[in-house]
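This report refers to the structure that appears directly beneath it.
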Amino acid sequence: MRAFSVLSWNIHGAVGRDGRFDLSRVAAVIAAAHPDVATLQEVGEVHGRMPAIDQARLLGEMTGMNWRFMANLTHGIRRYGNAILSPHPILFSHQYDLTVGKREPRGCLRVDLDLGEGAQVHVLNLHLGLGLRERRRQAMLLSADILRDAALAFPLVVAGDFNRWMPGPVRALLRRALSDVAHLLGRQEPTYPARLPLFRLDRVLVDDGARPSRIAVLRGGDASVASDHLPLWVELEVGARARAQPETGASLPQA
């Protein structure tokens, strides 16, 4: 087993609680946390500010990390999506569509990280919808289509903004394959809104290839003002080898 840390954060297009756009504050929080992977949501334009892919690229440059970006919403002045940053090499990346009907476009970004010596970790970064029925359908897509992917042979981490604060069918569907780190460690701290956190919208889930050891919600300084969400930080121990051999050709091509 080896240590593996995760930072998950809805950065609100780098527009802070003070209404100021400042990408450097976001980068500073990420860099100070030294995560093995950072899963970011709402990366991109808010009211006509810097384009989404430029935000992802600059965050990668500012933190010295590899990066991948997936656009979810690409019409009008609201253009944003999910990004993943990591100091580890990104072997593969892929995007899954979680859009339900005519609801706001949603997605899940997957990367496979190379930890060295044959070890890998699969990371899924998602931002679920606002409606209960919408989230239920998205959970079904995750459970039935994505989590059964034959290429997911290494430890799996699913992180992001779940837009959910109460138990319900989404939790019931996902817990068949995944465990909420906060439940496992008995620390269910809220992350939203940043000024006075009341709701636990941001979560990290793991399968049995990862063992949680610590969880914290980052507060103070830039972490408390750079977005309307607080960053969630988790430390895991992950297995060094694949649980099973991936099927031939099952690994996804780089996006």
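The values are calculated or read from the model by the stated rules, or taken from the named source; none is laboratory data. If you're wondering where the values come from, they're calculated on a predicted model, not measured in any experiment. Cβ atoms come from the backbone with ideal geometry, glycine included; neighbour counts cover every protein chain shown. Remember, those area values only see protein heavy atoms, side chains included, never the ligands or the DNA or RNA. Shrake-Rupley method; radii C 1.70, N 1.55, O 1.52, S 1.80 Å.
Quick notes
- The listed residue being open to solvent by 60 Å² or more (accessible area, probe 1.4 Å) and at pLDDT below 95, out of 164, 211, 175, 203: 175
- The listed residue being over 15 Å from the mean Cα position of the chain (by Cα), among the small types (Gly, Ala, Ser) and open to solvent by less than 60 Å² (accessible area, probe 1.4 Å), out of 32, 38, 52, 71: 52
- Only one of the listed residues (180, 145, 149) is acidic (Asp, Glu) and at pLDDT 70 or above. That residue is 180.
- Filtered residue count, the stretch 1-29, keeping only those that are hydroxyl-bearing (Ser, Thr, Tyr), open to solvent by less than 30 Å² (accessible area, probe 1.4 Å) and under 16 Å from residue 58 (Cα atoms): 0
- Qualifying strands (runs of 3 or more DSSP E) (wholly inside the stretch 1-118; at least 2 residues being modelled with pLDDT under 95 and in contact with a Phe, Trp or Tyr (Cβ under 8 Å, 6 or more places away or on another chain)): 37-44, 66-75, 78-86, 107-116
- Residue list for the stretch 202-231, filter: hydrophobic (A, V, I, L, M, F, W, C) and more than 17 Å from residue 13 (Cα to Cα): 204, 205, 206, 210, 215, 216, 217, 218
- Each residue in the stretch 119-138 was checked for being at pLDDT below 70 and not charged (D, E, K, R), and 5 pass.
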